[in-house]
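Asker: Can you read through this structure? Questions will come right after.
The values are calculated or read from the model by the stated rules, or taken from the named source; none is laboratory data. All figures in this text were calculated on a predicted structure; none of them were measured in a lab. Here the Cβ positions follow ideal geometry from the backbone for every residue, glycine too, while neighbour counts run over all protein chains shown. Just so you know, the surface numbers come from the protein's heavy atoms only, side chains and all, with ligands and any DNA or RNA stripped out. Shrake-Rupley method; radii C 1.70, N 1.55, O 1.52, S 1.80 Å.
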Amino acid sequence: MLDLLDCLILQDIEQVGSEIILKLNSRFESIDDIWESPRSELEDIIGGGEVVNNILKSKSIDKKKYASSINLARGKGIQIYCIFDEEYPGVLKDLKDPPPVLYIKGELPEDINKNVAITGARNITHHGNRLTRDCGKTLAENGYIVISGLSRGADTAAHLGALDGGGRTIAVLGSGVDEIYPSENDELSKDIVNNGGALISESPPGAGCQDLRLKERNRLISCLSKAVIAAEVKEKTGTSIAVQHAVQLGRKIFVIPVLRESSTNYTNYQKDLVYLGAINVLDPADVLNNLLNDRGYIEVSDFLHFISNDFKINYNEIAEKETKLNSIPETDDNNERFILKDSISSTKKEDKRKGKKKHIEGDKITKLSMYS
């Protein structure tokens, strides 16, 4: 079986992602075995093309640098697990492209059935921020662990709410776990770890935040949770990507609408989600009372047919702009890590919005409850 060092090397090879690493693991015991195998055998396992050339060219890689990076991370209190380690969260293997390597600071829960994700708008309204924080607090007080992304706005409110409730919370980052973004959440990140939570990232220590990584981490947020609460979500945002992954993974969906002093406002996208089966949240009790029932699930086929084609993000276009990320700290400029490009499928199905679409009618939108 391939080990951590092998996975670190392989994921830095151009065009090699988790799918190819899993295939190689089925036939080889180490990176040395891969390098020593004939080209024909590699082509038989992963197909022909440039990727085989890239793997064979990587023989010149200095393995000591990777071993040094492992020691450096562990010296900072960062745990590193590859996909073949027992400590690696098994639920992430449900993803189409599970991270070959994870960096973790803190403690991960063993059971995702106590995990609930809360993520949403960075420019969240005052009342939305309040409800999001109260949802985090209520969940924590009832034994749930809050998962979010440590971004400004809703994510910050979710983490703070969990801490308010004396519970644990986990932040999934788009940077290294030692490079907190945004910087004003540095103290919050420490509080998360000190209170039994964790910071998780696919990116190595020292890696700065990148837009593509922020988008990609949303699949982890959804996968690590039994339900996703989308606060003031709009199309073409990181939160909408988290929602799409949650639907595809069979997770329950909750929606916090835009809350203002005297009204409850819904974007068309929020109306679509509720129409398809997502649960409206106007009070923390709406979350707590619906976590264990059969409501809140959206069929993948309905979602892909109903949500506008504009929403389906084409990751290949994004990846053309950002394809490389420094892989290990304190190395020369020639060591580069290639970002996985196939995080989410961009299924092209006929848009059935016209003629079939019905938004929530006015009489189905209830008052602001305790937040009015």
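Asker: Can you tell me how the range 103-217 classifies by the Cα gyration tensor, rounded, prolate or oblate, using a/c under 1.5 as the rounded cut?
Answerer: Details: a/c = 1.79, a/b = 1.23, b/c = 1.45.
Oblate.
Asker: Between Glu41 and Glu110, what length comes free when the chain is fully extended (0.36 nm per residue of separation minus the Cα-Cα distance, one decimal in nm)?
Answerer: Length gained, Glu41 through Glu110: 21.0 nm.
Asker: Within 10 Å, count the other beta carbons around each residue, average over each peptide in 47-55, 226-234, 102-110, and list them highest first. Walk me through the numbers on the way to the answer.
Answerer: Numbers: 47-55: 14.4, 226-234: 26.2, 102-110: 19.0.
Order by mean packing, descending: 226-234, 102-110, 47-55.
Asker: Here is a follow-up. Let's test the formula: R0 of 25 Å, r as the Cβ-Cβ distance of Ala285 and Asn194. What FRET efficiency results, to the nearest 0.05? Working shown, then result.
Answerer: On the way: r = 30 Å, r/R0 = 1.18.
So the FRET efficiency works out to roughly 0.25.
Asker: Report, to the nearest whole %, how much of the accessible area of the range 1-155 belongs to carbon and sulfur atoms, 1.4 Å probe, protein only.
Answerer: Working: 2930 of 6840 Å².
Using a 1.4 Å probe with all protein chains present, the range 1-155 comes out at 43 percent carbon and sulfur.
Asker: Strictly over 28 Å apart at the Cα level, which of Lys64/Lys215; Lys96/Lys234; Lys137/Lys271; Lys226/Lys271 would you flag in this model? Intermediate values should be presented prior to the final figure.
Answerer: Details: Lys64/Lys215 32 Å; Lys96/Lys234 24 Å; Lys137/Lys271 26 Å; Lys226/Lys271 22 Å.
Lys64/Lys215, as the Cα separations exceed 28 Å there.
Asker: What list of ³J(HN,Hα) couplings, whole Hz, do you get for the range 53-64 from phi and the Karplus terms 6.51, -1.76, 1.60, once you set θ to phi - 60° and write x for glycine and proline?
Answerer: In residue order, the calculated couplings are 4, 4, 5, 5, 5, 6, 4, 7, 4, 7, 5, 5 Hz.
Asker: Now, a different point. Take the Cβ-Cβ distance between Glu19 and Lys76 as r, set R0 to 45 Å, and report the resulting FRET efficiency rounded to the nearest 0.05.
Answerer: Working: r = 30 Å, r/R0 = 0.67.
Plugging the Cβ-Cβ distance into 1/(1 + (r/R0)^6) gives 0.90.
Asker: If you don't mind, another one. Consider a paramagnetic label point 7 Å from the Cα of Lys59 along Cα→Cβ; state which residues of the range 1-38 have an amide N under 12 Å from it.
Answerer: 32-38
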